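A quick write-up on the structure given underneath.
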There are 4 protein chains.
Amino acid sequence: MDLESVRRYLEKGGGEEEDRNASTINGLPLRFFERFIMQDLRVDLIEPGRLICTFKVPQRLLNTGNFLHGGATATLVDLVGSAVIFSVGAPATGVSVEINVSYLDAAYADEEIEIEARVLRVGKAIGVVSVEFRKKETGKIIAQGRHTKYLPVANKCGTSFDQNGCNWRHQQ
Amino acid sequence: MDLESVRRYLEKGGGEEEDRNASTINGLPLRFFERFIMQDLRVDLIEPGRLICTFKVPQRLLNTGNFLHGGATATLVDLVGSAVIFSVGAPATGVSVEINVSYLDAAYADEEIEIEARVLRVGKAIGVVSVEFRKKETGKIIAQGRHTKYLPVANKCGTSFDQNGCNWRHQQ
Amino acid sequence: MDLESVRRYLEKGGGEEEDRNASTINGLPLRFFERFIMQDLRVDLIEPGRLICTFKVPQRLLNTGNFLHGGATATLVDLVGSAVIFSVGAPATGVSVEINVSYLDAAYADEEIEIEARVLRVGKAIGVVSVEFRKKETGKIIAQGRHTKYLPVANKCGTSFDQNGCNWRHQQ
Amino acid sequence: MDLESVRRYLEKGGGEEEDRNASTINGLPLRFFERFIMQDLRVDLIEPGRLICTFKVPQRLLNTGNFLHGGATATLVDLVGSAVIFSVGAPATGVSVEINVSYLDAAYADEEIEIEARVLRVGKAIGVVSVEFRKKETGKIIAQGRHTKYLPVANKCGTSFDQNGCNWRHQQ
């Protein structure tokens with residue numbers, strides 16, 4: 001790919017369709033991202049430290065190869081990974097320290113996938129979870145990731161924690 | 001957080017606003033994801049193996065802490081990382097093998113950030129790049145990630161490669 | 001720590017004991033490293049794609065906190081991870097592309113740990129495995145890592161592959 | 001590789017030479033590992049937040065392909081990465097949370113390599129560094145890794161911290 005094509009790919013996507021999308025995108029509301037990714041995710045099992053969801057790969061999250069975009073997978077590692085940390089009683093706060101994902105197979109449009117998140121450790125300050133994506137029909141692994149969060153404890157921020165939050169800089 | 005709240009967070013988000021979003025989301029077109037993330041990204045420098053972009057954090061990509069969502073950052077590692085691989089002449093194909101990101105600071109709404117991608121190696125089969133996110137004003141690092149891709153070479157797929165592509169299973 | 005102490009830590013360790021070690025180290029044979037790490041590892045179960053080992057934490061591999069050194073854990077992810085790739089019939093070659101490890105708990109001297117390696121995918125060119133370290137007594141997770149290898153296939157190197165090997169540059 | 005060969009590789013290495021090594025290994029002193037790796041590392045530059053070392057690849061750290069073992073590289077990410085965290089005044093304690101390494105090229109016996117470590121962030125609780133390995137002669141990148149540490153602050157452990165240390169469980 002020549003340099004000008006790379007620039008155009010990043011700045012414009014590919015053509016007229018992209019221009020129509022631009023006005024849609026600019027009109028999207030505050031914090032639209034999470035719902036955009038998780039819409040129609042279904043929780044099949046939830047217990048402290050373990051979570052299984054079903055997700056039918058939607059057309060909006062496909063990449064140019066017409067399978068689930070790697071960025072969407074990474075975001076699901078973040079979101080489902082955070083949720084399983086909450087499931088052991090951790091407060092719904094904390095910040096991501098590290099996310100990693102190995103991509104192992106493609107998940108195509110309308111394919112049902114199973115996402116299993118498992119707490120590896122939730123300590124006083126650090127939580128680490130593993131998240132695995134499998135094809136529902138065959139059990140074949142699509143991706144595996146880990147998510148590490150820093151979990152600020154109440155007494156480090158004082159009693160004002162729940163009302164006002166600690167900002168990121170204070171938390172870390 | 002109790003288990004029922006965790007389930008609701010994953011399945012529904014938080015309330016009425018989410019219901020309105022649901023119909024918007026279901027109407028979004030095929031492969032909307034990439035433009036949704038990259039809209040208004042600007043390329044400042046592009047040379048073989050190196051790429052610098054500017055991105056003003058948009059409201060749609062905020063997390064509940066009101067800073068750039070970790071999933072959006074990971075997606076930008078994917079997208080800008082792929083682009084810098086193309087910049088050294090690799091074909092615009094290949095599949096992600098691994099993405100990792102360390103989160104170091106928060107980027108707030110309307111803040112200008114600089115994204116620098118650098119090729120660490122592009123061999124015959126494997127490409128690895130580093131992507132760093134910095135605050136434009138101070139140079140402070142927001143995140144650093146790496147992206148590893150498997151790059152199928154033409155002669156493994158035959159002459160039909162450019163026209164028809166190799167699907168993921170054939171490529172790996 | 002002041003800068004001079006950091007330099008001394010890297011170059012000298014801490015004192016006289018280190019000088020005695022220096023002559024021992026300089027006398028160690030070619031490729032001593034792998035046995036140095038794996039000595040007394042015991043394989044409890046081996047089947048295609050899955051491997052369980054027992055390892056009693058030896059004194060030589062402790063860190064200054066007197067628990068298993070993180071570098072030793074990472075090396076075991078490499079070694080046991082490679083072995084489980086061989087177990088599905090892959091040739092005993094290939095090069096590491098990526099290793100990552102999350103450290104979750106300490107393993108003290110003489111503690112028995114269980115190392116379980118599992119193939120996530122072995123394709124034509126890429127193999128990815130997961131390796132988990134647990135306390136034998138309690139099952140508590142000590143560390144979890146992933147290892148990604150590039151696996152050169154015979155026909156890319158030609159018939160000379162098995163006799164002469166492909167060097168790293170040719171493989172990737 | 002058949003399963004019995006995989007088992008033998010893990011438990012025994014390859015033959016008589018390994019038996020001789022076994023008695024050497026069992027006689028090695030407590031915490032031998034760090035010096036075993038770092039022996040003859042030389043610090044060329046040290047300033048707060050940045051560190052450059054030179055290392056001549058020793059025969060003892062080679063893998064079966066006769067280049068620097070991936071486990072040794074990962075250990076150097078750990079050790080040099082910890083040192084650069086100390087260089088900004090952090091206490092010489094803390095535990096590893098995550099280490100990752102991308103392997104990009106081979107470093108052969110007696111080749112001089114340059115290791116550069118750079119602090120990405122050292123906050124109150126979390127430190128993250130980047131470590132890059134390059135061929136001294138050509139500047140070509142051999143490996144790049146990141147190391148994340150949890151840094152217990154004095155006031156969480158009380159005044160006894162420097163004398164007695166906090167054990168791992170208390171720190172995290």
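Observations on the structure shown:
- For the stretch C:81-120, the tally of residues that are within 20 Å of residue A:147 (Cα to Cα), among the aliphatic types (A, V, I, L, M) and within 9 Å of chain D (Cβ to nearest Cβ) stands at 4.
- Enumeration of residues in the stretch B:60-70 that are closer than 18 Å to residue A:38 by Cβ and at the interface with chain A (Cβ under 8 Å from one of its Cβ atoms): B:60, B:61, B:62, B:63, B:64, B:65, B:69, B:70
- Being more than 13 Å from chain B (Cβ to nearest Cβ), in a strand (DSSP E or B) and of a type in the set (D, E, K, R) is a description that does not apply to residue A:146.
- Pair list, Cβ < 9 Å and 6+ apart or interchain, from the stretch D:21-49 residues that are more than 7 Å from chain C (Cβ to nearest Cβ) and more than 17 Å from residue D:115 (Cα to Cα) to residues that are of a type in the set (Phe, Trp, Tyr) and open to solvent by less than 20 Å² (accessible area, probe 1.4 Å): D:24/C:32; D:24/C:36
- Residue check: residue D:13 meets all listed conditions (1) on the phi < 0 side of the Ramachandran plot; (2) within 7 Å of another protein chain (Cβ to nearest Cβ); (3) more than 20 Å from the chain's Cα centre (by Cα) but one, namely (1).
- Criterion: at pLDDT 95 or above, part of a strand (DSSP E or B) and either under 12 Å from the mean Cα position of the chain (by Cα) or surrounded by fewer than 19 Cβ atoms within 10 Å (Cβ to Cβ) (or both) - qualifying residue of B:44, B:110: B:44
- Check on residue B:87, open to solvent by less than 20 Å² (accessible area, probe 1.4 Å), in contact with a Gly (Cβ under 9 Å, 6 or more places away or on another chain) and over 27 Å from residue D:127 (Cβ atoms): yes
- Flag if residue A:11 is in contact with a Lys or Arg (Cβ under 7 Å, 6 or more places away or on another chain) and under 24 Å from residue B:94 (Cα atoms): yes
Matching residues to (1) of a type in the set (Ser, Thr, Tyr); (2) open to solvent by 20 Å² or more (accessible area, probe 1.4 Å); (3) on the phi > 0 side of the Ramachandran plot:
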position: B:21; (1), (2), (3): no, no, no
position: B:24; (1), (2), (3): yes, yes, no
position: B:37; (1), (2), (3): no, no, no
position: B:51; (1), (2), (3): no, no, no
position: B:56; (1), (2), (3): no, yes, no
position: B:59; (1), (2), (3): no, yes, no
position: B:62; (1), (2), (3): no, no, no
position: B:67; (1), (2), (3): no, yes, no
position: B:76; (1), (2), (3): no, no, no
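- Looking across D:129, D:80, one residue alone is in contact with a Ser or Thr (Cβ under 9 Å, 6 or more places away or on another chain) and buried (at least 23 other Cβ atoms within 10 Å of the Cβ). It is D:129.
- In the set D:138, D:75, only one residue is polar (S, T, N, Q) and within 11 Å of chain C (Cβ to nearest Cβ); that residue is D:75.
- Of all residues in the stretch B:113-122 being in contact (Cβ under 8 Å) with a residue 24 or more places away in the chain and open to solvent by less than 40 Å² (accessible area, probe 1.4 Å), the one that is nearest to residue D:106 (Cα to Cα): B:120
- Test: residue in the stretch A:93-106 that is open to solvent by less than 10 Å² (accessible area, probe 1.4 Å), assigned to a loop (DSSP other than H, G, I, E, B) and among the small types (Gly, Ala, Ser): yes
Here is a yes/no grid of residues against (1) among the hydrophobic types (A, V, I, L, M, F, W, C); (2) within 19 Å of residue A:120 (Cβ to Cβ); (3) in a loop (DSSP other than H, G, I, E, B):
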residue	(1), (2), (3)
A:5	no, no, no
A:11	no, no, no
A:28	yes, no, yes
A:51	yes, yes, no
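- Residues of the stretch C:53-74 classified as assigned to a helix (DSSP H, G or I) and in contact (Cβ under 8 Å) with a residue 12 or more places away in the chain, total: 7
- All conditions in (1) closer than 22 Å to residue D:146 by Cα; (2) hydrophobic (A, V, I, L, M, F, W, C); (3) open to solvent by less than 20 Å² (accessible area, probe 1.4 Å) hold for residue D:32, with the sole exception of (1).
- Flag if residue B:55 is under 16 Å from residue B:116 (Cα atoms) and of a type in the set (Phe, Trp, Tyr): yes
- Screening the stretch B:18-37 for residues that are basic (Lys, Arg) and more than 16 Å from residue A:26 (Cβ to Cβ) and picking the one that is nearest to the chain's Cα centre (by Cα) gives B:31.
- Single match in B:98, B:116 (criterion: out of contact with any Pro (no Cβ under 8 Å at 6 or more places or on another chain) and over 23 Å from residue A:76 (Cβ atoms)): B:116
- Residue A:119 being assigned to a strand (DSSP E or B) and modelled with pLDDT of 95 or more: yes
The values are calculated or read from the model by the stated rules, or taken from the named source; none is laboratory data. Everything quoted here is computed from the prediction, not taken from an experiment. So basically every Cβ, Gly included, is an ideal-geometry build from the backbone, and we count neighbours across all protein chains shown. Heavy atoms of the whole protein, side chains included, go into the accessibility calculation; ligands, DNA and RNA do not. Shrake-Rupley method; radii C 1.70, N 1.55, O 1.52, S 1.80 Å.
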